[in-house]
Amino acid sequence: MKKVIFVALLTAIAALFIFPLALTVTNSFMSEGEITANYAALTGGDDTIADAGISYVKLKWIPELVTLSQYYSVLIQKPQFLFLFWNSALLTLPIIAGQIAVASLAAYAFSQLRFRGREPLFFLYIVTMLMPYQVTLVPNFIIADRLGLMGSYASIIFPGIFGAFGVFLLRQFMLTVPYSYIEAARADGAGHLYIFTRIVLPMCSSGLAALAILLFIDNWNMVEQPLVFLSDPHKQPLSVYLSAIGEGERGLAFAASTLYMLPLVLVALYAERYLVEGIQLTGIKG
Amino acid sequence: MRRKPLTRDSLTASMFLLPSQAGFALFFLIPFAMGAWYSLVDSPIQGSFVGLANYRELLGNAIFRHAATNTLLFTAISVPLNMLLSLVLAMLLNRSLPFRNGFRIACLIPLVVPVACVVLVWQTLFDQHGTLNGWLAAFGVAPTDWMESGAAFWVVMIVYLWKNVGYNMVLFLAGLQSIPTDYYEAASIDGAGAFRKLRSITLVYLTPTTFFVFIMSIVNSFKVFRETYLLAGSYPDSSIYMLQHYMNNMFASLDYQKLTSAAFLMAVVIVVLVFVLFRVERRISKSLG
């Protein structure tokens with residue numbers, strides 16, 4: 001009996017979490033006409049609404065007629081969406097690849113090597129990691145301005161690559177590699193580069209996956225950096241531009257949103273283990 | 001946890017650290033030091049030293065003070081709420097239930113979905129002619145313009161909780177699962193009730209987890225700018241005008257002095273906060289043994 005109550009309660013909570021997505025996805029299969037009629041109360045302005053007698057938007061879950069017309073528009077008629085989608089990929093992928101490469105090397109040093117100043121240096125990384133974007137964007141902005149990078153993707157990608165989060169997460173993971181493995185390899189005469197590439201990295205593959213996923217989530221959702229660094233609207237990633245889609249294109253926005261969140265939702269469904277592991281690593285003290 | 005030293009491998013370490021440190025220095029440390037200098041002069045180009053005048057001006061600025069108050073208020077309310085809700089959720093999920101994994105995925109979904117993808121839904125709910133007002137009207141409640149009034153603060157709070165509860169839930173769940181079940185069994189034999197077990201076992205052994213949840217919640221509470229910006233633009237209702245809006249508008253107007261001094265103030269506050277938290281955590285961990 002108690003279990004039934006828990007399941008009912010959790011179902012209600014889960015529904016709260018899922019409903020904005022569910023609404024976006026179902027509405028993306030409606031025709032623009034149906035969407036316009038449905039959301040008329042929002043767009044009509046105060047006077048017309050009073051006249052027409054419809055005052056409030058009712059959420060509508062099931063399309064009158066399931067149509068792919070919004071997807072046809074997004075993917076074929078209006079290629080600018082695809083360009084913005086591509087912009088997001090151009091910003092996100094180099095950050096993921098770059099940060100994994102740079103951070104795994106640094107994490108090896110922080111977790112397996114002894115050197116002077118290790119603790120204070122690591123503390124510095126942690127502090128930067130905990131800073132809100134609006135603080136770290138200021139140094140990023142100053143250097144981008146000096147190097148003439150303003151308006152280019154490099155001004156976002158480089159600070160992204162050298163973000164401290166990857167170093168922190170991978171260090172946490174590498175600390176779990178049993179010391180005896182490394183000791184044994186050292187006794188056999190293996191160098192650190194060999195140990196790093198052949199022993200530590202393969203053992204940390206799920207940590208690398210977790211980092212890739214968390215970076216993907218954060219950067220696919222990028223808002224702060226493009227607002228500061230990219231003035232050209234054609235260069236914006238979809239994570240900023242989606243909210244700027246004009247009235248009368250609401251249906252289109254639903255379809256574009258659905259496409260945009262799709263890769264991440266698939267990650268959540270199929271790589272949940274790594275996602276959970278990555279989050280848990282941020283909560284373990286090293 | 002602490003290992004025996006391998007050797008003193010400073011040279012090797014510096015090779016491994018070189019790429020990271022070079023980039024870290026170029027994009028964070030050096031410009032931050034430059035920023036520190038900018039915050040003390042009256043103009044970024046051939047300025048003269050003015051001491052703390054920029055800071056005085058910043059602290060005297062009504063808009064800055066308003067934004068700082070809002071940010072503080074939002075963090076002070078959202079962080080405890082977030083922790084409480086996610087702890088309850090984790091405790092609900094910390095048992096064998098049908099569909100348990102499905103529920104856990106549902107809690108994580110908001111975390112992965114980009115804010116921009118669901119902004120349309122929030123707008124539909126909280127517009128003056130939106131669904132929420134429609135529901136309220138059915139009960140004869142007069143409509144509120146949620147985004148254009150003080151209520152916007154609570155709308156942003158709901159949106160923040162929706163997105164961030166899952167992250168803390170995962171952390172708490174891991175913490176709960178690390179508490180040995182025989183503690184509870186022993187307490188039951190001693191006749192402890194559910195509340196007593198919660199207070200004397202669960203909350204005590206969750207203390208280390210709670211500290212990290214607390215820190216991550218504070219960090220994530222600053223990211224709520226994404227929601228407020230995408231929902232309401234650069235100049236939202238004054239109740240949700242946060243420090244981050246202020247900073248962004250300083251970027252737009254290229255006001256180096258205000259920008260760097262505000263960044264420095266925020267950085268100092270965060271460093272002090274983190275330092276104090278780690279101190280407190282260490283002390284409590286020690287007393288736990």
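The values are calculated or read from the model by the stated rules, or taken from the named source; none is laboratory data. Note that the structure is a prediction, hence the values are computed from the model and not measured. When we count neighbours, we look across all protein chains shown, and the Cβ atoms used for this are built from the backbone with ideal geometry, even at glycine.
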Next on the checklist: I want to confirm something. Restricting to segment A:201-225 and keeping residues that are in contact with a Phe, Trp or Tyr (Cβ under 7 Å, 6 or more places away or on another chain) and not in a helix (DSSP H, G or I), which single residue is farthest from A:Ala106 (Cα to Cα)?
Outcome noted: A:Val223
Checklist entry - Failed condition for B:Ala13, given (1) out of contact with any Lys or Arg (no Cβ under 8 Å at 6 or more places or on another chain); (2) over 19 Å from B:Ser253 (Cα atoms), with all others met? => result (1)
Checklist entry - Of the residues B:Leu72, B:Leu81, which single one is closer than 30 Å to B:Leu173 by Cα, aliphatic (A, V, I, L, M) and without any contact (Cβ under 8 Å) to a residue 24 or more places away in the chain? => result B:Leu72
Next on the checklist: Tell me which helices (runs of 4 or more DSSP H) are completely within segment A:76-174 and hold 2 or more residues being surrounded by fewer than 17 Cβ atoms within 10 Å (Cβ to Cβ), or say none if there are none.
Outcome noted: A:80-112, A:118-130, A:133-147
Checklist entry - Any chance segment B:113-128 includes a residue that's at the interface with chain A (Cβ under 8 Å from one of its Cβ atoms), small (Gly, Ala, Ser) and at negative phi? => result yes
Checklist outcome for this item: Note on B:Gly175: of the conditions (1) in contact with a Leu (Cβ under 7 Å, 6 or more places away or on another chain); (2) modelled with pLDDT under 85; (3) of a type outside the set (A, V, I, L, M, F, W, C), unmet is (2)
Checklist entry - In segment B:74-93, which residue that is surrounded by fewer than 21 Cβ atoms within 10 Å (Cβ to Cβ) and within 11 Å of chain A (Cβ to nearest Cβ) is nearest to A:Met1 (Cα to Cα)? => result B:Leu92
Checklist entry - Here is a list of conditions, (1) of a type outside the set (A, V, I, L, M, F, W, C); (2) in a helix (DSSP H, G or I); (3) away from chain B (no Cβ under 11 Å), and A:Gly189 meets all of them except one; can you say which number that is? => result (2)
Checklist entry - Taking segment A:245-282 as the search range and keeping residues that are facing chain B (nearest Cβ under 9 Å) and over 29 Å from A:Ala210 (Cβ atoms), which one is surrounded by the most Cβ atoms within 10 Å (Cβ to Cβ)? => result A:Ala253
Item to check | Count of residues meeting criterion [buried (at least 18 other Cβ atoms within 10 Å of the Cβ), farther than 17 Å from A:Val135 by Cβ and at pLDDT 90 or above] in segment B:3-39 | outcome: 5
